[in-house]
1. List pairs: first residue in segment 309-320 and open to solvent by 40 Å² or more (accessible area, probe 1.4 Å), second residue among the charged types (D, E, K, R) anywhere in the structure, Cβ distance under 7 angstrom, at least six positions apart or on different chains.
2. Under 7 Å by Cβ, and 6 or more places apart or on different chains, what pairs join a residue from segment 260-276 that is closer than 11 Å to residue 214 by Cβ with one that is open to solvent by 20 Å² or more (accessible area, probe 1.4 Å) and assigned to a helix (DSSP H, G or I)?
3. Considering only residues that are under 24 Å from residue 264 (Cα atoms) and polar (S, T, N, Q), which ones fall in segment 169-204?
4. Condition test on residue 162, is it open to solvent by less than 40 Å² (accessible area, probe 1.4 Å) and either touching a His at 6+ places or on another chain (Cβ under 6 Å) or not β-branched (Val, Ile, Thr) (or both)?
5. Does residue 279 satisfy the condition of being open to solvent by 10 Å² or more (accessible area, probe 1.4 Å), touching a residue at least 12 places away in the same chain (Cβ under 8 Å) and either over 21 Å from residue 336 (Cα atoms) or part of a helix (DSSP H, G or I) (or both)?
6. Scan segment 42-56 for residues that are at pLDDT 95 or above and either surrounded by fewer than 19 Cβ atoms within 10 Å (Cβ to Cβ) or in contact with a Phe, Trp or Tyr (Cβ under 6 Å, 6 or more places away or on another chain) (or both) and jot them down.
7. Mind listing whichever residues of segment 39-98 are closer than 24 Å to residue 371 by Cβ, among the small types (Gly, Ala, Ser) and in contact with an Asp or Glu (Cβ under 6 Å, 6 or more places away or on another chain)?
8. Scan (1) outside any loop (DSSP other than H, G, I, E, B); (2) in contact with a Ser or Thr (Cβ under 6 Å, 6 or more places away or on another chain); (3) open to solvent by 20 Å² or more (accessible area, probe 1.4 Å) for the single condition residue 341 breaks and write down its number.
Amino acid sequence: MAAALFVACGRGEPALVIRDVTVIDGTGAAPLPAVTVVVRGERIAAIGEDVDYPGGSEVIDGRRKYLIPGLWDLHFHLAGLDPHPNALETLVSFGVTGVRDMGGDLDTLIRRREEVEAGVRIGPKIVMAGYTLQGDQYADFHRAVRTEEEGRTAVAEMDARGVDFIKVHNMLKPEVFFAIVEEASARGLAVAGHVPRGVSPLEASEAGMKSFEHAEALLEAEIFRRDDPAGDIITALSRLTGPAASELFATLAENGTAFTPTLSGYEAFVASQEEETVRARGEGLFRRLVAMTGEMHAAGVTILAGTDTRSAPGAALHRELALLVEAGLTPLEALRAATSIPASFLGLDDNLGTIAVGKLANLVLLEANPLDRIENTSRVSAVILKGTYLDPGAIFPAVADPSR
């Protein structure tokens, strides 16, 4: 083991110690077996086979267990479309210690983030867009922007309120979309979401869009693009799979345009259809979208793990990882799509995403090896959130008022 891993914790206040655990650090490196991880305060103080720690420390037996970085859900809605009342706590109980909120009531999101950061409420780190910029008011958390000036004004106002990025949706006019991207870029804000109708995925990537959301939304973008509309799903699929898609995927990879397929969200939507014939067609399309995700990954496109679900916060993220493996990612690649890659994508990798000395101690202790079977990410023994050891089954009683 590299000497750099050995950092003596020294004497002082008691620490949280996980002994003899296998560490899967999120970097892509091989697992580190039988090491001790020491957490002091909110941060990782030491990792190694033989480290010192203060007497009176809380010592956790990590034998036959696996320690991974806290998980991210890169497409969630905490305050939009009938939100789950206990989403914050539920996410953490499933090992999700970070979320990218892709659109919701801005006042509610600001309040939720303040509660979590102040320690008033257990919850993941929240990176948020606030209101979704859309061509009309199709939902309560949409902000209708119909002109280029309105688009630039909306970006400026949300920037002033502290949003982390801008979310765009499908019914924006092309000229408004491009004005939004330009204004956001000038302010150092990324743009993510749906490719608007009339804009091709290639145009959106070249303009600087940071991530595309939803596998099925890419089909919509091809169907409605203004220069050469596909017209139907079959034609759109043919453009997004196989040799015809190679140039597009290569450009996305070169431009650093990431893709959040939200396969679990679409899978749940298909399963909810009552008519058997509709469900069967949806299942066939779903399998094609899984394959498309694998082709994008093979072409070098950055894949992000996200769910777009509100009914099963946390649990859906583990299903998403399994679907990414079905798409062709290895278990380690799928795990990184929910740990180190999101942290890097969001510019938070100095503190999060991997297990390393000095980083924030957002960690998940598992009962089984996720590299043997990705579904083992759901076998959560404990969650360490900013250095605090949490039993998943004991999180809800700690909530003073989960209905707020």
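The values are calculated or read from the model by the stated rules, or taken from the named source; none is laboratory data. A quick note: this is a predicted structure, and the numbers were derived from the prediction, not measured. Neighbour counts are summed over all protein chains in view; Cβ atoms, including those assigned to glycine, are modelled from backbone coordinates with ideal geometry. In case anyone asks, the SASA skips ligands and DNA or RNA and just uses the protein heavy atoms, side chains included. Shrake-Rupley method; radii C 1.70, N 1.55, O 1.52, S 1.80 Å.
1. 310/82
2. The qualifying pairs are 266/216.
3. 170
4. So residue 162 fits the description; yes.
5. For residue 279, the condition - open to solvent by 10 Å² or more (accessible area, probe 1.4 Å), touching a residue at least 12 places away in the same chain (Cβ under 8 Å) and either over 21 Å from residue 336 (Cα atoms) or part of a helix (DSSP H, G or I) (or both) - is not met.
6. Within segment 42-56, 42, 43, 48 meet the criteria.
7. 62, the sole residue that qualifies.
8. With (1) outside any loop (DSSP other than H, G, I, E, B); (2) in contact with a Ser or Thr (Cβ under 6 Å, 6 or more places away or on another chain); (3) open to solvent by 20 Å² or more (accessible area, probe 1.4 Å) applied to residue 341, the lone miss is (2).
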